[in-house]
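The values are calculated or read from the model by the stated rules, or taken from the named source; none is laboratory data. Keep in mind the model is a prediction, meaning the values are calculated, not measured. Glycine also receives a Cβ, built like all others from the backbone with ideal geometry; neighbour counts cover every protein chain displayed.
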Amino acid sequence: MNVLVTGSNGQVGSEIKELMQHATHNIQNYDFYFTTSQDLDITDFDLVKKYIIDNQIKIIINCAAYTAVDRAESDKENADKINHLAVKNLAQIAKEKDIKLIHISTDYVFDGTNFKPYAEDDATNPQSVYGKTKLDGEKAMQAINPPNAIIIRTSWVYSFYGANFVKTMLRLGKEKESLGVIFDQVGTPTYAKDLAKAILEIIPQLGTSNSFEANGVQIYNYSNEGIVSWYDFAKEIMKMAKLPCQINPIETKEYPTPAKRPHYSLLNKSKIKSTFNIEIPYWKDGLDDCLRRLGERR
């Protein structure tokens, strides 16, 4: 069975690609097609449809996204094209061709004012262009309602690949004696390798009777287990990497950014765990593995 992974040079796409080089028994019968924006412009409906037909794609994993959260505030058109209109294209083609679709979304669809972990059916209220365009993508997918399709919302993604918070902290930790890091935004980091593993576990279960309800597209939350602030996360990075950099807690208002971030973005993962029988690693275990791969674990 042929699987298309869009955004394959991003964090999640890159981790899926690496994991497929060590495929486990339940995904050995799948052939993966990895594309980037240079290979396949998913905002071009006709182009995508032709690619999918020509390569007999049966499953799409959409890892492509406009993720420059602050830049999106002044680049709404491009953010909307990738996060909304491209998702609409994929959903339409998936419905027409009876293709299974997995789409990656974000905790930024929420406003971050909750006091308990967000469930999939909690009210959305994005506070940034990035969050709004990602929610528009979700809504377009739900309106088209392709069968055997799921949305996975995730948060605070980092990886061995690409630019991310962990790599930034490692670099700054070697350059500076002290750093101020925000303590009043809490959530859970997501190690992209763990999310990629979960997606590969879900693929063989797509379309099984217990995985999908009659109302079509299903939303699931996924992040690593635990709760942490960016300050705590940075402290643990320095501790594991044995960097002497002092991490000082600062408030969000002391570090203004163009886009507003949710103060609270903890996700309730019980639905994805029970539906697909997935075990989710603790966030420190994911960080430990990432730092070892980067050669930064001391």
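For the subset of the range 167-188 comprising residues that are touching a helix residue (DSSP H, G or I) at 6+ places or on another chain (Cβ under 6 Å) and within 28 Å of Asn62 (Cβ to Cβ), which member is surrounded by the most Cβ atoms within 10 Å (Cβ to Cβ)? Among them, the one singled out is Thr188. Say whether the condition of being surrounded by fewer than 22 Cβ atoms within 10 Å (Cβ to Cβ) and not small (Gly, Ala, Ser) is met by at least one residue in the range 189-197. Among the residues of the range 189-197, at least one is surrounded by fewer than 22 Cβ atoms within 10 Å (Cβ to Cβ) and not small (Gly, Ala, Ser), which makes the answer yes. Does the range 46-55 hold any residues that are farther than 23 Å from Gln205 by Cα and crowded, with 16+ Cβ neighbours inside 10 Å, and which are they? Result: Val48, Lys49, Tyr51. Filtered by the rule that a residue be surrounded by fewer than 22 Cβ atoms within 10 Å (Cβ to Cβ) and part of a helix (DSSP H, G or I), the range 1-32 gives Lys17, Glu18, Leu19, Met20, His25, Asn26, Ile27. When residues in the range 56-89 are screened for being loosely packed, with under 14 Cβ neighbours inside 10 Å and touching a strand residue (DSSP E or B) at 6+ places or on another chain (Cβ under 6 Å), 1 of them pass. In this entry, Lys95 is excluded by the filter for residues that are of a type in the set (D, E, K, R), in contact (Cβ under 8 Å) with a residue 12 or more places away in the chain, under 24 Å from Ile203 (Cα atoms) and in a strand (DSSP E or B). Of everything in the range 33-43 that is in contact (Cβ under 8 Å) with a residue 24 or more places away in the chain and either surrounded by fewer than 17 Cβ atoms within 10 Å (Cβ to Cβ) or among the basic types (Lys, Arg) (or both), the residue that is nearest to Lys17 (Cα to Cα) is Thr36.
Does Phe183 satisfy the condition of being within 15 Å of Leu266 (Cα to Cα), in contact (Cβ under 8 Å) with a residue 60 or more places away in the chain and over 19 Å from the mean Cα position of the chain (by Cα)? So Phe183 fits the description; yes.
Which one of Ile203, Ile219, Ile227, Ile280 is within 20 Å of Ile152 (Cβ to Cβ), surrounded by fewer than 16 Cβ atoms within 10 Å (Cβ to Cβ), among the hydrophobic types (A, V, I, L, M, F, W, C) and under 20 Å from the mean Cα position of the chain (by Cα)? Show your work before the answer.
Working: Ile203 fails: surrounded by fewer than 16 Cβ atoms within 10 Å (Cβ to Cβ); Ile219 fails: surrounded by fewer than 16 Cβ atoms within 10 Å (Cβ to Cβ); Ile280 fails: surrounded by fewer than 16 Cβ atoms within 10 Å (Cβ to Cβ).
It is Ile227.
Annotation for the range 136-143: at least one member residue is under 30 Å from Asn277 (Cβ atoms), modelled with pLDDT of 95 or more and either of a type in the set (D, E, K, R) or in a loop (DSSP other than H, G, I, E, B) (or both). So is Ser105 surrounded by fewer than 23 Cβ atoms within 10 Å (Cβ to Cβ) and either in contact with a Leu (Cβ under 7 Å, 6 or more places away or on another chain) or hydroxyl-bearing (Ser, Thr, Tyr) (or both) or not? Here the answer is no, as Ser105 does not meet what is asked.
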